[in-house]
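The values are calculated or read from the model by the stated rules, or taken from the named source; none is laboratory data. The structure presented is a predicted model; accordingly, all values stated were derived computationally and were not measured. Cβ placement follows ideal geometry from the backbone for every residue including glycine, while neighbour counts extend to all protein chains displayed. Accessible surface areas use protein heavy atoms only, side chains included; no ligands, DNA or RNA. Shrake-Rupley method; radii C 1.70, N 1.55, O 1.52, S 1.80 Å.
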Amino acid sequence: MASDTVGVFNYMLAPSDGSRPYNTINSDSTTGKPVRNWVEDTHDIRIEDVRGKEELYKLDIAGFQYGQEAAKHTSFLNDDEVEREYYPESIDLIKRVTGATSIVIFDHTIRRRRPGEVDDSPQKRQPVQLVHVDQTTASSIARVHRHLPPTEAPSLLRRRFQIINLWRPISHAAVDWPLALCDFRSVDYEKDLVPVALVYPDREGETFGVQYNPNHRWKYMKAMTPEEFVLIKCFDSVQDGSVARLTPHTGFQDPNTPEGAPLRESIELRALVFYD
């Protein structure tokens, strides 16, 4: 039984003076919020529960794809262990789902919702409460140069490549603060997406902020379990209109979450995905 819901989503309004939007990766420890020069634009959004019809949503059509496969690594308490144990099985999983020939995982984020805590370091990441896309075209290409040898990057960039985020709940089902995904077919690529500089302590990245569009069609899979995952396309070098290029997404507070549901815990891996 599908259970659609309504959530309050935070879109973005770009700076009115036309300056380049930016925000910091870490929250300010005094305000608890990232430093930025743009404002949030909140809207009540209906989110369709696709459980039971998740087969309709594929990476190249909607920009995301659900699947079922338990991870062998289950503790997710130690970053070195995650890299040693979870990365290889995740590479294998992404290859099988996508048909890609080579995959380089360049980072992961473990999120544990802790109300009242400040998200001011990688060890304290909370669910993201903002409609966004992890990478722009420029930052996707920069990732290839950053994570692959200079002898290999140029030839890899001539082939099809993607950035894909593998997301799954850990410890228990994600009833609290589920993940919502926007069907790419409802996105106006030119009008809805705004490049935002992401300022790290030592460098700068770039993500897409997303401006509200009433045509956006939002989906989620209610109560995803650790045995389930979703692949989220953040970038695709095929940009001729034949495939979905990306998927805006956000965590959201589901008003139907039962009292006392365990707080959301999840892991996402970001992978460079190459094809022959």
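Values as computed for the structure displayed
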item	result
Contacts under 9 angstrom Cβ, first residue in region 209-236 being on the phi > 0 side of the Ramachandran plot, partner open to solvent by less than 10 Å² (accessible area, probe 1.4 Å) and assigned to a loop (DSSP other than H, G, I, E, B), 6 or more apart	ALA223/PRO178
Helices (runs of 4 or more DSSP H) contained in region 91-208 and holding at least 1 residues free of Cβ contacts under 8 Å to residues at least 24 places away in the same chain and more than 24 Å from ALA14 (Cα to Cα)	137-147, 153-157
Qualifying residue in region 9-28 (condition: modelled with pLDDT under 95, touching an Asp or Glu at 6+ places or on another chain (Cβ under 7 Å) and closer than 15 Å to LEU198 by Cβ)	yes
From the options ASP192, ASP188, ASP183, ASP176, residue that is touching a Ser or Thr at 6+ places or on another chain (Cβ under 6 Å) and at negative phi	ASP176
Subset tally (residues that are under 17 Å from GLU204 (Cα atoms) and of a type in the set (Gly, Ala, Ser)) for region 1-46	2
Count of residues meeting criterion [over 14 Å from the mean Cα position of the chain (by Cα) and not hydrophobic (A, V, I, L, M, F, W, C)] in region 90-135	20
Test: residue in region 67-83 that is open to solvent by 80 Å² or more (accessible area, probe 1.4 Å), among the β-branched types (Val, Ile, Thr) and out of contact with any strand residue (DSSP E or B) (no Cβ under 9 Å at 6 or more places or on another chain)	yes
Any hit, region 185-199, residues being more than 30 Å from GLN253 (Cβ to Cβ) and either within 13 Å of the chain's Cα centre (by Cα) or open to solvent by less than 20 Å² (accessible area, probe 1.4 Å) (or both)	no
Residue match in region 146-161 (condition: modelled with pLDDT of 95 or more and under 18 Å from the mean Cα position of the chain (by Cα))	yes
Residue check, THR24 in a strand (DSSP E or B), open to solvent by less than 60 Å² (accessible area, probe 1.4 Å) and farther than 20 Å from ARG185 by Cβ	yes
